[in-house]
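No value in this document is a laboratory result; all are computed from the given coordinates. As the structure is a prediction and not an experimental result, all values here were calculated from the model. Backbone-built Cβ (ideal geometry, glycine too); neighbour counts: all protein chains shown.
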Amino acid sequence: MILKKSGFFGAFLALLLVLGPALPGPALAAGEFSLIDPPLPTPKAGFEDQLGKKLGLADFRGEVVVLNFWASWCAPCIAEMPTLDALQGEMGAEGVRVIAVSIDVTGIKKAAPFFRRLGVKNLALYTDQRSALFQELKGSVLPTTFILDRDGRVVESFIGPTDWNGEHVKARLRRYLATEPSG
């Protein structure tokens, strides 16, 4: 569910940022991956890095891509971002690339302070102010994550937040790493 940062939800977001690490129990729900069969071709819409350079998913062929869409006002996105950061730190050297794309309409102005506040260390900052890539993939809920194989094909999706450090997630990604790219 996409929530707007106002009123009750703004207060909830602030409380989550302050108390999040102290909350008991698992903060993230365990959902399910949805296999995309047949896989979708590499999306054409692009996004920008923190310097404003235009990039596309074709630039990351050869790597297994975890493509996450988030926004700074999305409480579930805040909850899962540290696990995405840790996943990149752990599996980046194996050939996994976590591409977390902010769809905040103010772009880097909003996304950069968000990363700093959360202490993100391993992720590059990407933005798509017009949500073109999210729309091309028919995304409708934040957070949403897509897995791309080493050929750049969209092979799985996951809607909602999850703990990206779970062994079931790493096993899925390693299965795609074991397959050589075709081109």
Using modelled amide H (1.01 Å from N, peptide plane; none on Pro or chain starts), what sits under 5 Å from the amide H of V98, excluding residues fewer than 5 places away? V66
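Which order do peptides 73-80, 175-182 fall in by mean Cβ count within 10 Å, highest first? Can you show the working numbers first?
Values: 73-80: 21.5, 175-182: 12.1.
Taking the mean over residues of other Cβ atoms within 10 Å, the ranking is 73-80, 175-182.
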Give me the number: length gained by fully extending A171 to L51, i.e. 0.36 nm times residue separation minus the C-alpha to C-alpha distance, one decimal in nm. 39.9 nm
Whole-Hz ³J(HN,Hα) from phi, Karplus 6.51 cos²θ - 1.76 cosθ + 1.60, for segment 37-42, glycine and proline x: 10, x, x, 7, x, 4
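Output the peptides 144-153, 105-114, 57-66, 36-45 sorted from most to least packed, where packing is the average of other Cβ atoms within 10 Å over each peptide's residues. Write out the running numbers ahead of the final one.
Values: 144-153: 21.6, 105-114: 15.9, 57-66: 18.8, 36-45: 13.8.
Top of the packing list down: 144-153, 57-66, 105-114, 36-45.
With r as the distance between the Cβ atoms of I159 and A132 and R0 = 22 Å, compute the FRET efficiency 1/(1 + (r/R0)^6) and round to 0.05.
Working: r = 19 Å, r/R0 = 0.88.
So, using R0 = 22 Å, E works out to roughly 0.70.
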Residues whose built amide H sits under 5 Å from the amide H of E156, excluding neighbours closer than 5 in sequence, are I36, I147
Unsatisfied cross-links (Cα-Cα over 21 Å) in the set K53/K138; K54/K109; K110/K138; K44/K138: K53/K138; K110/K138
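Under Stokes-Einstein, with the Kirkwood radius over Cα pairs standing in for Rh, what whole-number D in µm²/s applies to segment 29-177 at 4 °C and 1.567 mPa s? Show your work: numbers first, answer last.
Details: Rh = 15.0 Å.
Stokes-Einstein gives a translational diffusion coefficient of 86 µm²/s.
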Got a sec to turn the phi values of segment 149-163 into Karplus ³J(HN,Hα) couplings, 6.51 cos²θ - 1.76 cosθ + 1.60 with θ = phi - 60°, whole Hz, x for Gly and Pro? 6, 5, 8, x, 7, 7, 10, 8, 9, 9, 9, x, x, 8, 8
